[in-house]
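Presented below is the structure to which this report refers.
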Amino acid sequence: MISEKLKQISIEAERDLAEQFAELEKICFENTERILHYFKENRVSDTMFAGTTGYGYDDIGRDALDKVYADVFGAESAFVRHTIPNGTTALSIGLFGLLRPNDVMLSVTNAPYDTLCEVIGINGANGDGSLADFGVQYDQVDFIEDKIDYEGIEKKLNEYGERVKVVFIQRSKGYLNRPTLTIDEIGKICDFVHARSKAYVVVDNCYGEFCESREPCHVGADMIIGSLIKNPGGGIAESGGYIAGTKRAVELASYRLTSVGTGCEVGASLGQNRNLFKGFFLAPHVVMQAKKTAHFASYVYEKLGFEVFPKYNEFRSDIIQTIKFGYPEGLIKFCQGIQSASPVDSYVTPMPWAMPGYQDEVIMAAGAFTQGSSIELSADGPIRPPYTAFFQGSLTYESGKIAILTSAQLLLGENNA
Ligand SMILES: *Cc1c(COP(=O)(O)O)cnc(C)c1O
């Protein structure tokens, strides 16, 4: 049962969030308009959904989907494949496609996502076949007080000169304590780099798609990369990844996806085209549902006295919400509440566990239709101070709202609420 106090906060939340919700609806409308326009221009039709087997030559659905992704994302070219298992693999394909021995990859947004550090070989060559093993050098420029360090970027570009082949941007804060970049800021970095270097600007776009009415390629990025079990899959895609960008950059990545010379000409869609088109069509709306849920969570938990980031009235360029609990039980109860209000595995009680590769125990709530899908309602956090929960997704705002209220109720206890 949701207490009267929480019901009251919920009513106030929706009243105070009216302006933010209206802004989200505007973004969703613009993105939907663009999607419909390019579905029409590319003559998306029922005959494209059948799919191919084997080599997958002349798969008109796959080719049209690639074109639709490129057009919607403001890119010259793109490929979308259900066979890419996750975002890390898509990023790996893109980076190995562009980088050659003795090149430098320069990240300008602190260290990249954890799993990508292995791909790069951030701790040096170890024989596993990381970029470092192939003689690709990695360097990074950190944020200074949450701002991009343009001076630092300039210094590194001068230092390495033409060896810098990739300038890397992670749009979303991911699980780091840093701001998420807006499209305007990404555009500024692209202009800055392109004025000084021939490097490809590559953007890890995970969690960012459709959060604004433009994407990084609209403002000059040479390559963007993402996962279909996040935003662009719309909760419908059951697996996959995409790469979009300039013709040459995407061509080079496609040679890593399959083989040099073959590129995007092969790849059986095995009946997945319908789901990928449908998911992309729904994606702006689903992203809006997730963002409404994040705003609502931010409002409710701030009212309950917790530190939240971003604040309920702040604009977001990704779907991640963090809530700082300050004590372990808070984080644990929050995740348990989210799980108990999920559509799948609601009867399961998540517990902290020692996940391989992590220093501290981690707790995760994931009651999703698609394993690991984080456009669906999901929450997690390491059991260490300040006991912060990372929360994202929700296919519908209504179910997200119920989950937030359920978690708050569990946290406060029956009496105390
Ligand atoms: C999710 C994510 C990735 C890729 O992670 P996978 O679990 O391999 O899909 C990369 N970068 C960011 C910022 C992400 O959020």
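Can you find a residue that is open to solvent by less than 10 Å² (accessible area, probe 1.4 Å), outside the structural domain of ASP318 (by TED's automatic domain parsing) and in a helix (DSSP H, G or I) anywhere in the stretch 234-248? Scanning the stretch 234-248 turns up no residue that is open to solvent by less than 10 Å² (accessible area, probe 1.4 Å), outside the structural domain of ASP318 (by TED's automatic domain parsing) and in a helix (DSSP H, G or I). Counting just the residues of the stretch 252-275 that are touching a strand residue (DSSP E or B) at 6+ places or on another chain (Cβ under 7 Å), open to solvent by 10 Å² or more (accessible area, probe 1.4 Å) and part of a helix (DSSP H, G or I), which one comes out farthest from the ligand (Cβ to nearest atom)? Ranking the qualifying residues of the stretch 252-275, first place goes to CYS264. A search for C-beta distances below 7 Å between a residue of the stretch 104-122 that is in contact (Cβ under 8 Å) with a residue 40 or more places away in the chain and any residue that is part of a loop (DSSP other than H, G, I, E, B) and of a type in the set (Gly, Ala, Ser), counting only pairs 6+ apart in sequence or on different chains, returns TYR113/GLY174.
If only one of ASP133, ASP149, ASP128, ASP66 is closer than 19 Å to GLY263 by Cα, acidic (Asp, Glu) and out of contact with any Lys or Arg (no Cβ under 8 Å at 6 or more places or on another chain), which one is it?
ASP66
Summed over the stretch 116-145, the residues that are on the phi > 0 side of the Ramachandran plot and among the charged types (D, E, K, R) give a count of 1. If the condition is being assigned to a loop (DSSP other than H, G, I, E, B) and in contact with a helix residue (DSSP H, G or I) (Cβ under 9 Å, 6 or more places away or on another chain), then the stretch 359-373 contributes GLY367, THR370, SER373. For the stretch 310-338, a tally of residues being buried (at least 20 other Cβ atoms within 10 Å of the Cβ), within 21 Å of the chain's Cα centre (by Cα) and either among the small types (Gly, Ala, Ser) or outside any strand (DSSP E or B) (or both) returns 8. Residues in the stretch 4-62 that are β-branched (Val, Ile, Thr) and in contact (Cβ under 8 Å) with a residue 40 or more places away in the chain: ILE9, ILE27, THR32, ILE35, VAL44, THR52, THR53.
Exactly one residue out of GLU154, GLU162 is over 27 Å from the mean Cα position of the chain (by Cα), surrounded by 15 or more Cβ atoms within 10 Å (Cβ to Cβ) and assigned by TED's automatic domain parsing to the domain that holds ASP204, and it is GLU154. The set of residues in the stretch 87-99 that are within 12 Å of the ligand (Cβ to nearest atom) and either out of contact with any strand residue (DSSP E or B) (no Cβ under 8 Å at 6 or more places or on another chain) or at pLDDT below 95 (or both) comprises THR88, SER92. Among the residues making up the stretch 169-227, those that are under 13 Å from the mean Cα position of the chain (by Cα) and hydroxyl-bearing (Ser, Thr, Tyr) are SER172, TYR175, THR180, TYR207, SER227. Where residues in the stretch 165-180 are open to solvent by less than 30 Å² (accessible area, probe 1.4 Å) and not in a loop (DSSP other than H, G, I, E, B), which of them is nearest to the ligand (Cβ to nearest atom)? Selected residue: GLN170. Could you tell me which residue of the stretch 364-380 is farthest from ALA294 (Cα to Cα), considering only residues that are over 17 Å from the mean Cα position of the chain (by Cα) and away from the ligand (no atom under 13 Å from the Cβ)? Of everything passing the filter in the stretch 364-380, PHE369 is farthest from ALA294 (Cα to Cα).
For every residue, the table says whether it meets (1) open to solvent by 10 Å² or more (accessible area, probe 1.4 Å); (2) within 30 Å of MET355 (Cβ to Cβ); (3) in a loop (DSSP other than H, G, I, E, B); (4) not small (Gly, Ala, Ser).
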position: LEU95; (1), (2), (3), (4): no, yes, no, yes
position: ARG100; (1), (2), (3), (4): yes, no, yes, yes
position: ASN110; (1), (2), (3), (4): yes, yes, yes, yes
position: ASP128; (1), (2), (3), (4): yes, yes, yes, yes
position: ASP142; (1), (2), (3), (4): yes, yes, yes, yes
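The values are calculated or read from the model by the stated rules, or taken from the named source; none is laboratory data. Quick caveat: nothing in here was measured; it's all calculated off a predicted structure. A quick note on method: Cβ atoms are made from the backbone with ideal geometry, for glycine too, and the neighbour counts reach across all protein chains shown. SASA here: full protein model, heavy atoms, side chains in, ligands and nucleic acids out. Shrake-Rupley method; radii C 1.70, N 1.55, O 1.52, S 1.80 Å.
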